Amino acid sequence: MVAGSLLERAARAAAAPVRRRVPPADLDERDPDYIRETLPRTWLLSSLYFRGEVRGLGNVPEHGPVLLVGNHSGGNVTPDTIVFSLAFHAYFGVERRFHQLAHNLVLSMPGLGFLRKYGTVAASPENAREALRSGAAVLVYPGGDREVHRPSWQGARIDFGDRRGYVRLALEAGVPIVPVVAIGGQETALFLTRGEGLAKFLRLDRLLRVDVLPVSLAVPWGLNVGDLLGHLPLPAKITIEVLPPIDLREEFGPDPDVDEVHDHITRLMQETLDVLAAERRFPVLG
Amino acid sequence: MRVAATIEVNASADAVWAFVDDPARYLHFMAGITRWEIVGAPARGLGARYRMLMQVRAAEVGGLIEIVEHEPPCDLAWVSVLGVDQRGRWRLRELGGRAAPCTRVELRLSFGVAGTGFFGWVAEHVAAPTVRDHLRRSLRQLKRQVEHEQLRSAAAARRAARAG
């Protein structure tokens, strides 16, 4: 009991500065010139290291706001986001507004401030609504920390848990959903467990809005608990498939059922992920 | 970074020009090109704008380009307005002293992203072989298509003469 209380106090003390550093969403922090100037290095990373392959970008509507819904992989270093962002910016140009939602913790980590220049904002319904109101394409990962830390042997599984906020968001904003399915990210380290029990014991869910304390074998740490400092991802081949847009009211009527829409989208994504998984011959090599 | 490819096509410069000046044909003979769309008016000639993309490894790169030189049937050049910096040029030169018309076709493409320093330099050199391969394949496909068109025209003329 005493030990639990001490641990909680220690975690609270550690969390306080992190929470103070959470940046407010300022869509103007996105810097198209910076993105343009860094295109060559992200292209090199995507092309040579991750051998990225993005299919179906033509499915993203040419203009206007759209909610891109992706499955999330790779722990706290998410190569699928790097590969997709590069492909999106190259395809549509850096002039098109494109925002990604990320966990508060990611944006408050020292050294990751540059993500805001790419258009990354703290994940919250308000920020997502604001980004969509500005006419942007918004990339969300409903599975969040739960999905991104799933064990490596579940790499070909869509796991949004019970999170359906993205459907409500699309309905409220009246924007189409475009599913974005990626594979390979979960092969960039050997993810062993999400550590949900450990996170609950340390009350990280209340302190940091984190439900997991993942354990993995990763370069250069070896045994990696928490993945707070990230890791050096293995050069796994990342393949991404963008599916056709879904106009929710056109497809499900004037008052769509959130559960039905969620089931439809996750089923479509799972079917696509199954196909992508079947194409892979070897882990990491792709 | 500038890459170029050259080929000789057994046809007149006018015949080749009909292909390179027609935006509707680009998707058919240009290798690696995934998009070549007319943006606004005019559809061809000086000031014509196209949205083009070329698959170069992990991304489709390109952007909005504008025709800045249009001298039939010799030179066609474009520069980028948005997207990756690029300058492209078709140079068609009819070769004399041949029994049948023959045209030397050169396709040049300079590309890069200004202000990207060392990584930009490396990226350009890594991309160059892929882009060069696209240009070479494009010219081979252009040659095949132009010469095939010549054959078809000649055959049609012979048919017409026989019928007449």
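Each reported figure results from applying straightforward, stated rules to the coordinates on display, with no laboratory input. From a predicted model like this one, the values you see are computed outputs, not experimental measurements. Ideal geometry is used to build each Cβ from the backbone, glycine not excepted, and the neighbour counts take in all protein chains shown.
Structure data summary
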| quantity | calculated |
| --- | --- |
| Net charge over other residues, Cβ less than 12 angstrom from the Cβ of A:E62 (K, R count +1; D, E count -1) | +2 |
| Inter-label distance for A:R168 and B:H148, nm, one decimal - labels placed 7 Å from Cα along Cα-to-Cβ | 5.7 |
| Order of B:R152, A:R150 - criterion: other Cβ atoms within 10 Å of each residue's Cβ, fewest first | B:R152, A:R150 |
| Computed lengthening from A:V225 to A:S134, 0.36 nm per intervening residue step minus Cα-Cα distance | 28.9 nm |
| Residues A:K200 and B:V81, FRET efficiency given R0 of 60 Å [Cβ-Cβ distance, rounded to 0.05] | 0.65 |
| Under 30 Å from the Cα of A:K117 - lysines, other chains or at least 8 residues apart | A:K237 |
| Helix B:117-163 vs. chain B, principal-axis angle (Cα, 0 to 90°, nearest 10) | 10 |
| Choice from B:A48, B:A114, B:A13 with maximal GNM fluctuation in chain B (Cα, 10 Å cutoff) | B:A114 |
| Sum of -39500 (n - 2.57) over DSSP H runs of 4+, divided by residues of chain A (222 nm, nearest 500) | -11500 deg cm²/dmol |
| Calculated FRET value between B:A99 and A:A277, using beta carbons and R₀ = 51 Å, to 0.05 | 0.30 |
| Extension reserve of the A:E251-A:L190 stretch, reckoned as 0.36 nm per residue once the Cα distance is removed | 18.0 nm |
| Percent antiparallel among DSSP beta bridges (both partners in the protein assembly as shown, rounded to 5) | 75 |
| Cleavage-rule hits, trypsin sites (Lys or Arg not before Pro), segment A:218-286, DSSP coil, Cβ neighbours within 10 Å at most 15 | A:R281 |
| Spin-label model distance (nm) - B:R25 vs A:L112, 7 Å beyond Cα toward Cβ | 5.2 |
